[in-house]
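A.B. asks: Can you read through this structure? Questions will come right after.
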Amino acid sequence: MKKLLIILAISLISASISSLIAQDNTQLGLDIAKAQEKNRKQLMNYSWQRSAKAFRNGEEKTHSLVKIWFNTEGKMESSVLSSESSVKQQRGVRGRVQQNAGEDLLGLLENVLNLSIKYVFLSKGYWIDLLDMAEVKVADGVVKIDAKDLLAKGDEVHYIIDSSTNLFKSIKISSVVDGKAFTSSIDFKTMSDGTNHPSRTEIILPSESMKITAENIDYIKQQ
């Protein structure tokens, strides 16, 4: 009987601890979501440029400069300022095939960048679900969040968040776009007014032997 009571007591304590952890994670999710939403509104006051380079087998193939801003509906828009390619254009049918292949590759790269940015701007619901399913560690001034199957089946995401501000320090992603596996690493910086923003992104596409680096530069506050 005494042994049974001990087992029951341990079970109740374990259940209580699990409940407290779940409550803490839910509150943490709400706190992060609130900080991120506030930061998104601050970021919407800015436009900036993204300088992106694509390398294949270590050789630079393309370099593009794109202006990015938020429209009145809060959605990101972009406009190509310049685009350069080191690939020599062939003539005739081969040239058309080459051009189509190049356009397909540019489309793939844009899709990878667009998916990567979705892991930055999560809704409150996603943050609560994420903290409920993820492995969460809080130590040394940061929150580490590791999860799978967040936005797509089989994806993996690793967040490092400043615990004092609930804003990003870095995000690492493994997922698939257009049937192509990729990894993406995003580093963040904070401006003088406290606005947190993606500063550098590096993407690896093993099947294409490609690496893409993207730098976000020249942040300008809109009047």
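The values are calculated or read from the model by the stated rules, or taken from the named source; none is laboratory data. None of the values given here were measured: they were computed from a predicted structure. In this analysis, Cβ positions are derived from the backbone assuming ideal geometry, glycine residues included, and neighbour counts consider all displayed protein chains.
A.B. asks: Going by the structure shown, is Ile186 under 13 Å from the mean Cα position of the chain (by Cα), more than 18 Å from Gln42 (Cα to Cα) and buried (at least 16 other Cβ atoms within 10 Å of the Cβ)?
C.D. replies: Considered against the rule, which asks whether it is under 13 Å from the mean Cα position of the chain (by Cα), more than 18 Å from Gln42 (Cα to Cα) and buried (at least 16 other Cβ atoms within 10 Å of the Cβ), Ile186 comes out as yes.
A.B. asks: Oh, and also: Taking the conditions exactly as written (part of a helix (DSSP H, G or I), of a type in the set (Val, Ile, Thr) and modelled with pLDDT of 90 or more), does Ile32 satisfy them or not?
C.D. replies: Yes: the conditions hold for Ile32.
A.B. asks: Let me ask something additional. Within segment 138-154, does at least one residue satisfy the condition of being at positive phi and either among the hydroxyl-bearing types (Ser, Thr, Tyr) or surrounded by 14 or more Cβ atoms within 10 Å (Cβ to Cβ) (or both)?
C.D. replies: Checked segment 138-154: no residue is at positive phi and either among the hydroxyl-bearing types (Ser, Thr, Tyr) or surrounded by 14 or more Cβ atoms within 10 Å (Cβ to Cβ) (or both).
A.B. asks: Further, regarding this structure: Of the conditions (1) at pLDDT 90 or above; (2) farther than 23 Å from Ser51 by Cα, Pro198 fails just one. Which one is it?
C.D. replies: (2)
A.B. asks: Could you tell me which of the residues Leu108, Leu130, Leu205 is farther than 20 Å from Ala52 by Cβ, of a type in the set (A, V, I, L, M) and in contact with a helix residue (DSSP H, G or I) (Cβ under 9 Å, 6 or more places away or on another chain)?
C.D. replies: Leu130
A.B. asks: Is there any pair with a first residue in segment 200-223 that is on the phi > 0 side of the Ramachandran plot and a second that is at pLDDT below 95 and not acidic (Asp, Glu) whose Cβ atoms are under 8 Å apart and which are 6 or more apart or on different chains, and what are they?
C.D. replies: Taking only residues 6 or more apart or on different chains, the pairs are Ser209/Arg56; Ser209/Asn57.
A.B. asks: Among the candidates Ser163, Ser123, Ser170, Ser184, single out the residue that is in contact with a strand residue (DSSP E or B) (Cβ under 8 Å, 6 or more places away or on another chain), of a type in the set (S, T, N, Q) and either touching a residue at least 40 places away in the same chain (Cβ under 8 Å) or closer than 22 Å to Ser64 by Cα (or both).
C.D. replies: From the options Ser163, Ser123, Ser170, Ser184, the qualifying one is Ser184.
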